[in-house]
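S.K.: Pasting a structure here, questions to come.
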Amino acid sequence: GRTTAGGGADAGATVQEDRRALATDERQLVSFVVDAQEYAFPIERVQEIVQVPDLVSQVPNTPAHVLGVMTLRNRLLPLVSLRHMFGLPHEQLNSQHRIVVVGLSEESHRRTDDVVGIVMDAVNEVLRVPTRLVDTLPTFLARGRDNADIEAICRLDDGKRLVSIVSVDHLFD
């Protein structure tokens, strides 16, 4: 951080300001893989990541993307397939798959009744991406309703690695 001529208390305050500026100048994302493509959710929407249980109970008359429900810490968690929601080929659940538990609304991060488990092929890592590397979806691609699920794309490794940020709100509106 910057220091002032006299050092002392002013310098400490300036370092704190620098840290705050850095913190707001990046996005933290949980990245995952579906059909060999890399996607991510904003970390503030992710409550936890769990393994696929031995038992997923089917629920009759639900949309095709709903896989059923599982028990997680004495509550029922609905499970959906991101593959199905993205129109990708169905895959049998196995131990490699992961369930990302997300809050359905901004306020639901700490609540347990407004959440859904989204089944992924695999979970990669937590990314800290500078906002300058995050671009909104090009207008041409954003025109179709089907692409509203993607809110932005991160350009990592000098553009060799593209990670699409999925909008939880659009996915479940």
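S.K.: Distance in nm between label sites at residue 172 and residue 59, each 7 Å beyond Cα in the beta-carbon direction?
M.R.: 1.1
S.K.: Another question, if that's okay. Tell me the trypsin sites (Lys or Arg not before Pro) within region 40-131 that lie in a loop according to DSSP and have at most 14 other beta-carbon atoms within 10 Å.
M.R.: Here the trypsin sites (Lys or Arg not before Pro) that fit, given the DSSP loop and packing criteria, are 73, 111.
S.K.: Also, quick follow-up: Below 11 angstrom from the Cβ of residue 50, what's the summed charge of the other residues (Lys, Arg +1; Asp, Glu -1)?
M.R.: Computed value for this residue: +1.
S.K.: Another question, then. When a/c is below 1.5 the answer is rounded, else prolate if a/b is larger than b/c, else oblate, so apply that to region 24-141 with a ≥ b ≥ c taken from the square roots of the Cα gyration tensor eigenvalues. Let's see the in-between values first.
M.R.: Working: a/c = 1.86, a/b = 1.43, b/c = 1.30.
Note, shape of region 24-141 comes out prolate.
S.K.: On full extension of the chain, what length is gained from residue 48 through residue 122, given 0.36 nm per residue of separation minus the C-alpha to C-alpha distance?
M.R.: 25.3 nm
S.K.: Then there's this: Take 86, 41 and sort them by solvent-accessible surface of the protein heavy atoms, 1.4 Å probe, largest at the top.
M.R.: Largest to smallest exposure gives the sequence 86, 41.
The values are calculated or read from the model by the stated rules, or taken from the named source; none is laboratory data. What you see is a predicted model, and the numbers here were worked out from it, not measured in a lab. Counting neighbours? That spans all protein chains shown, and the Cβs are built from the backbone with ideal geometry, glycine included. Note: accessible area is taken over every heavy atom of the protein model, side chains too, but ligands, DNA and RNA are not part of it. Shrake-Rupley method; radii C 1.70, N 1.55, O 1.52, S 1.80 Å.
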